[in-house]
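One structure below.
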Amino acid sequence: MKRILSIALVTIIFSACTKNSKEVPIDPNNPYTIKFDVSDQVVKTTVDQDTLRLDFNQVVNFLVDPTEYQRSWALHLTQDFSNSYLKGLHFTALANSAGVATDWVPINLNDVHPSQKTTSETTVNGTKYIKVTITRLFKFVSVLNSNQAAIDKQNALVQDKNQSVAYSAFYSYNSVYSLPNNDVAKIVYTK
């Protein structure tokens, strides 16, 4: 009897987790409505002996079409630090409910830690959207040759106004991905 109840429970759980097969899957040739609202991304810098610590505060707001958002399995976000000092540096971040990870954060926004993602309904110019906000802290570390080298690098970064991070957002449905929507945000280093 216990075994039959267990099988029934598992069957109910898995059948409740499936998508409606009558839904139209996302089109891999469509970028869909994923509007970015990205302000300057702030990096708080501190020096500890020969180590420059760089706390990158990622704040990204999306306005997404409610139907498209509901139809997809997930909204994804990637970040590219190629146009910044952060490229190639090691970092730690609260990755998901499992805890802190090194050099990795989930791109599937369903997998981020619950404290890092909020959703709400909003109306812009008479059009209803879902507002998805992602707030994450990446703790980068750069070990230099001396305390003075770390201070000099910190000062140079605070003066540098030409660095940026590139973002790409897209939907997934089963194994299909929509075309990405892209945006670039300026990086501002502070002390």
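The values are calculated or read from the model by the stated rules, or taken from the named source; none is laboratory data. All values reported here derive from a predicted model rather than from experimental measurement. No Cβ is skipped: glycine too gets one built from the backbone with ideal geometry, and neighbour counts run over all protein chains shown.
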Within region 81-98, identify whether any single residue is outside any strand (DSSP E or B), in contact with a helix residue (DSSP H, G or I) (Cβ under 9 Å, 6 or more places away or on another chain) and closer than 26 Å to residue 177 by Cα, and answer yes or no. yes
Scan region 76-113 for residues that are within 22 Å of residue 42 (Cα to Cα) and over 12 Å from the mean Cα position of the chain (by Cα) and report the count. 16
Can you work out which of the residues in region 78-96 that are touching a strand residue (DSSP E or B) at 6+ places or on another chain (Cβ under 7 Å) and under 13 Å from residue 142 (Cβ atoms) is surrounded by the most Cβ atoms within 10 Å (Cβ to Cβ)? 84
In a strand (DSSP E or B) and touching a helix residue (DSSP H, G or I) at 6+ places or on another chain (Cβ under 7 Å): does that describe residue 135? yes
Which ones in region 139-191 are part of a strand (DSSP E or B), more than 19 Å from the chain's Cα centre (by Cα) and among the hydroxyl-bearing types (Ser, Thr, Tyr)? 142, 189, 190
Taking the conditions exactly as written (at pLDDT 80 or above and within 20 Å of residue 117 (Cβ to Cβ)), does residue 62 satisfy them or not? yes
Considering region 105-124, residues that are surrounded by 17 or more Cβ atoms within 10 Å (Cβ to Cβ) and either acidic (Asp, Glu) or touching a His at 6+ places or on another chain (Cβ under 7 Å) (or both), and then whichever is farthest from residue 135 (Cα to Cα), we arrive at 107
Filter region 31-54 down to residues that are modelled with pLDDT under 95 and among the polar types (S, T, N, Q) and give me whichever is farthest from residue 173 (Cα to Cα). 39
Just need a number here: residues in region 175-191 that are modelled with pLDDT under 90 and either on the phi > 0 side of the Ramachandran plot or surrounded by 18 or more Cβ atoms within 10 Å (Cβ to Cβ) (or both). 2
Could you check residue 53 against (1) under 18 Å from residue 139 (Cα atoms); (2) surrounded by 15 or more Cβ atoms within 10 Å (Cβ to Cβ); (3) out of contact with any Ser or Thr (no Cβ under 9 Å at 6 or more places or on another chain) and say which number it fails? (3)
Those residues of region 128-159 which are among the charged types (D, E, K, R) and without any contact (Cβ under 8 Å) to a residue 60 or more places away in the chain, in sequence order: 152
Matching residues in region 152-174 - criterion: being of a type outside the set (Gly, Ala, Ser) and either modelled with pLDDT under 95 or surrounded by fewer than 14 Cβ atoms within 10 Å (Cβ to Cβ) (or both): 159, 160, 161, 162, 170, 171, 173, 174
